[in-house]
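Engineer: The following block contains the structure, expressed as structure tokens.
The values are calculated or read from the model by the stated rules, or taken from the named source; none is laboratory data. For clarity, every value in this text was computed on a predicted model and none was experimentally measured. Positions of Cβ are backbone-derived with ideal geometry, glycine not excepted, and every protein chain shown enters the neighbour counts.
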């Protein structure tokens, strides 16, 4: 079992806390940017709202004037139509004749002129209202353009050195920024050390396991399959995953190679643990492809990840690592799985059909392993 380093050993970051710190900084920056953008948008909208109020007041005046002039034009036309009905064509006045002018002492001409002029004034009022309505529509387009340009301007302002400095000077942000810089610096320093070959294998192992939340495989477990074999110097581990996407490690042992193409469960029966093949919903042994389909809900992603894993696991392992120092519990679990792996070899199907699984007692001792002398 892998134990954490003491204070004299390599420093392994607390990746969960670091992720929380980075997320807190990023969240503070997003909220700051949104607040700045919202405030600027509010000011712009307020400015345009004042302009809109002026235009709408002008539209109201123009509408009132139009209504007044339409009534005036209708009255003038009606008066002319009553006196000279034959001088109305298609609801429009026609100039009176010479005799009508003469006999009316010019009254017919005056009525005609009043009808024509009042109609023209009504058209002018209508045109004025339309222009004001167009001004309001144009103002809305100007607002959209102003908001777009303002968004770009705010973004440039915030991302400028002065803007970033202003943000970092805000209360509470300075602490987050300092921690953010420390985390980024630590990751960069580790990357440089790793590239130079200065990181010892045990630190690489502990760091990767901590970052990916890979824990020691222990009984009982269910729906577990081998997804990779990882190397750290001369250390070699099976990387395993269950149906809940939790990751586990187990010291490499070539006797467990037959387990690569299977999905496994362990369960406790009385005072012992038994190993069996995981079963699917149809009651048949679950295939590794079924495991990937369950873990990755997207079918294409599941197939891709399955192919990548199969390719990596088929790699030849001609040089086996020296036996690593592991604790008793891990050693006993390996023995339990090795005994089960033997049942998956050639000529072992009768054992599976007869339901004769290897067992591990409640304290971790393999029941199939020979008892030590004395």
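Engineer: Does residue 193 satisfy the criteria of being in a helix (DSSP H, G or I), under 30 Å from residue 61 (Cβ atoms) and out of contact with any helix residue (DSSP H, G or I) (no Cβ under 8 Å at 6 or more places or on another chain)?
Structural biologist: no
Engineer: Something else: At pLDDT below 95 and crowded, with 21+ Cβ neighbours inside 10 Å, is that true of residue 251?
Structural biologist: yes
Engineer: Would you check which residues across segment 141-156 are free of Cβ contacts under 8 Å to residues at least 12 places away in the same chain and either surrounded by 15 or more Cβ atoms within 10 Å (Cβ to Cβ) or closer than 30 Å to residue 57 by Cα (or both) and list them?
Structural biologist: 141, 144, 145, 148, 149
A quick yes/no check of all residues on (1) more than 26 Å from the chain's Cα centre (by Cα); (2) outside the structural domain of residue 249 (by TED's automatic domain parsing):
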| position | (1), (2) |
| --- | --- |
| 174 | yes, yes |
| 179 | no, yes |
| 183 | no, yes |
| 188 | no, yes |
| 191 | yes, yes |
| 195 | yes, yes |
| 198 | yes, yes |
| 208 | no, no |
